[in-house]
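Below is one structure, written out as structure tokens; comments come after it.
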Amino acid sequence: MTQAMRVFAAALATESNSFSPVPTSLRSFHEGLYYNGRDQDVPLDRPGAEGLRAWRDGAAASGFDFILGPMAFAEPSGPTVAPAYAALRDEILAGVRAALPLDVVLLHLHGAMIVEGCDDAEGDLIADVRAVVGDRVTIGVLIDPHAHLTRRMVEGATLLSAYHQWPHTDVAERAAHLFALAVEAATGAIRPVASVFDCRMISSYPTRPAPMARFVADMAQAETRRPVLSVDLIHGFPWGDTAETGTRMLVWTDQAQVEGAALAEAFGRRLFTERDALTLKLDMTLDQALDHISQPAEGLSVLCDVGDVVPAGAPGDSTFVLRRVLERGIANLCFGPLWDPMATAICLDAGIGARLPLRIGGKAGKASGDPVDVMATVRAILTAAIEPVGRQFGDRVWVTLDQDIDLILHSVRASTEAIAAVTDLGLDPRTRRAFIGKMLMHGGTAFAPIASEVITVATPGTLTFPERDIPLTKRTGAWWPKVADPFRE
Ligand SMILES: [Zn+2]
């Protein structure tokens, strides 16, 4: 190639929980992580931008022309309202058109974005980009493994790959892997073909425990043997209600369809065979967990309120755990951030030191439970200008309830899994018997360094566990654990 290769990259991502009553709007993206694609030197240093940064760095290292398009990430929530998606899609398409001629388009998407009237937003966007650039341009797509891998997504992209790890600690690595393959495809050195195997499972697969870590290591090993190019387990997102919800294996080869299909099926059947060891099991019921922390212990117990996990799209304002704690008279606890703009505003107005009646949480919908009335003292306030963990929380306050329980309230719905969401306010959870947060994998990892144990707790809420009981209405065909053996149905 005589001229430098021209690479365009953009991002649009959110994970849509069909059971959340909180819609995702343009404001949700602007409050999440948003950049309009005009300033090419934007630092890309905030959490979420790792993929785009890896692509920009890769292009710079290769001497390519790199055009950075728009980037928009919203906190997982309910489906995205149609005008918001249309506006963000059109910004990306305008960016692609302005950057032509191109050799490569790289898109960092989620894969589980549902828009009002369209269950497959990523398939839609990839098709629109393809219509702009034509068949000869390479389109490489990076997704989150908690995706609905649709036929349309695979057919529209030249290559599509996901992160291997959950928690998602390998975004930059997987972006670099995709970048290298996309460059090979653009030069004609490889011709990627996809093979998909439907595992007929809807479940959750943390990749840190040894059995799943081995599975991931074997996927990575398989990728090193050409003609295999890329091997991904698409975990699926169980709380997105679509016809294609579920777990799939995706293998790309260099024109070796038969070999790719056999490899995808081998990994997929292994996942099913080893399912008892590979899938997430929750540790305790709510009352078991509260019995446990009622007993004295040396270290800090961390409880994950799994029914209301914000990074899986739940509202983050449920009160089931707080109510049960108060009913049982358990004290000496610390609750992580709970989304309540009104209570937060009241505390801000009352000021530090004020003791006041507060009505907390239980606003977003039935799955949030009812509000809880308490007497509380305002201990610390942080206003919206401070964003220590990369995303906005809005205003945050630390209150101590009369029952000797610390609680954080915040005004903008956001992931509160980072330990800084608590400690920025001057609150050290280690001063308490237990910390209770609306988090799952990432949160457990974040709090592990200060915890003597991290316990996942089955709680009521937007995230129904076990997955068998999720009220999915659109998925067709048999799937485990709804049926014992979906391959025999
Ligand atoms: Zn994910």
Checklist entry - So how many residues does the stretch 430-445 have that are surrounded by 23 or more Cβ atoms within 10 Å (Cβ to Cβ) and over 17 Å from residue 209 (Cβ atoms)? => result 6
Checklist entry - Taking the stretch 220-267 as the search range and keeping residues that are within 21 Å of residue 77 (Cβ to Cβ) and hydroxyl-bearing (Ser, Thr, Tyr), which one is farthest from the ligand (Cβ to nearest atom)? => result 242
Item to check | Qualifying positions in the stretch 470-485 - at pLDDT below 95 and not in a loop (DSSP other than H, G, I, E, B) | outcome: none
Next on the checklist: I'd like to know if the stretch 30-41 contains one or more residues that are surrounded by 21 or more Cβ atoms within 10 Å (Cβ to Cβ) and more than 13 Å from residue 76 (Cα to Cα).
Outcome noted: yes
Checklist entry - Looking at (1) assigned to a helix (DSSP H, G or I); (2) more than 24 Å from residue 145 (Cβ to Cβ); (3) of a type in the set (Phe, Trp, Tyr), can you tell me which one residue 8 breaks? => result (1)
Checklist entry - In the set 431, 400, 383, which member is polar (S, T, N, Q) and within 22 Å of residue 453 (Cα to Cα)? => result 431
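Which count do you get for residues in the stretch 152-167 that are free of Cβ contacts under 8 Å to residues at least 60 places away in the same chain and either under 13 Å from the mean Cα position of the chain (by Cα) or more than 22 Å from residue 92 (Cα to Cα) (or both)? Break it down stepwise before answering.
To start, the set of residues in the stretch 152-167 that are free of Cβ contacts under 8 Å to residues at least 60 places away in the same chain comprises 152-153, 155-158, 163, 165.
Checking which are either under 13 Å from the mean Cα position of the chain (by Cα) or more than 22 Å from residue 92 (Cα to Cα) (or both) leaves us with 163, 165.
Here the count works out to 2.
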Next on the checklist: Need a quick list: strands (runs of 3 or more DSSP E) entirely within the stretch 108-216 having at least 3 residues that are β-branched (Val, Ile, Thr), surrounded by 22 or more Cβ atoms within 10 Å (Cβ to Cβ) and within 16 Å of the ligand (Cβ to nearest atom).
Outcome noted: none
Checklist entry - If we scan the stretch 87-102, do we find a residue that is in a strand (DSSP E or B) and under 26 Å from residue 170 (Cβ atoms)? => result no
Checklist entry - Any idea which residue in the stretch 1-15 is modelled with the lowest pLDDT, counting only those that are touching a helix residue (DSSP H, G or I) at 6+ places or on another chain (Cβ under 8 Å) and either hydroxyl-bearing (Ser, Thr, Tyr) or away from the ligand (no atom under 16 Å from the Cβ) (or both)? => result 1
Item to check | Subset of the stretch 322-336 [surrounded by 24 or more Cβ atoms within 10 Å (Cβ to Cβ), modelled with pLDDT of 95 or more and either within 23 Å of the chain's Cα centre (by Cα) or in a loop (DSSP other than H, G, I, E, B) (or both)] | outcome: 335
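Is it true that residue 244 is in a helix (DSSP H, G or I), more than 30 Å from residue 6 (Cβ to Cβ) and of a type in the set (Asp, Glu)? Before you say what the answer is, go through the steps one by one.
Values: in a helix (DSSP H, G or I): no; more than 30 Å from residue 6 (Cβ to Cβ): yes; of a type in the set (Asp, Glu): yes.
So residue 244 does not fit the description; no.
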Next on the checklist: Any residue that is without any contact (Cβ under 8 Å) to a residue 24 or more places away in the chain and either of a type outside the set (S, T, N, Q) or over 22 Å from residue 428 (Cβ atoms) (or both) - is there at least one of those in the stretch 369-376?
Outcome noted: yes
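Under the condition of being polar (S, T, N, Q) and in contact with a His (Cβ under 9 Å, 6 or more places away or on another chain), which residue from the stretch 397-421 is surrounded by the fewest Cβ atoms within 10 Å (Cβ to Cβ)?
Just the residues of the stretch 397-421 that are polar (S, T, N, Q), to begin with: 400, 403, 411, 415-416.
Among the residues that remain, those that are also in contact with a His (Cβ under 9 Å, 6 or more places away or on another chain) are: 415-416.
On the way: 415: 24, 416: 26.
For the stretch 397-421, the residue satisfying everything is 415.
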Item to check | Restricting the stretch 247-286 to residues that are in contact with a Cys (Cβ under 7 Å, 6 or more places away or on another chain) and not in a helix (DSSP H, G or I), the residue that is surrounded by the fewest Cβ atoms within 10 Å (Cβ to Cβ) | outcome: 248
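The values are calculated or read from the model by the stated rules, or taken from the named source; none is laboratory data. Values in this document were obtained by computation on a predicted structure and should not be read as measured data. Every residue, glycine as well, gets a Cβ built from its backbone with ideal geometry; the counts of neighbours run over all protein chains shown.
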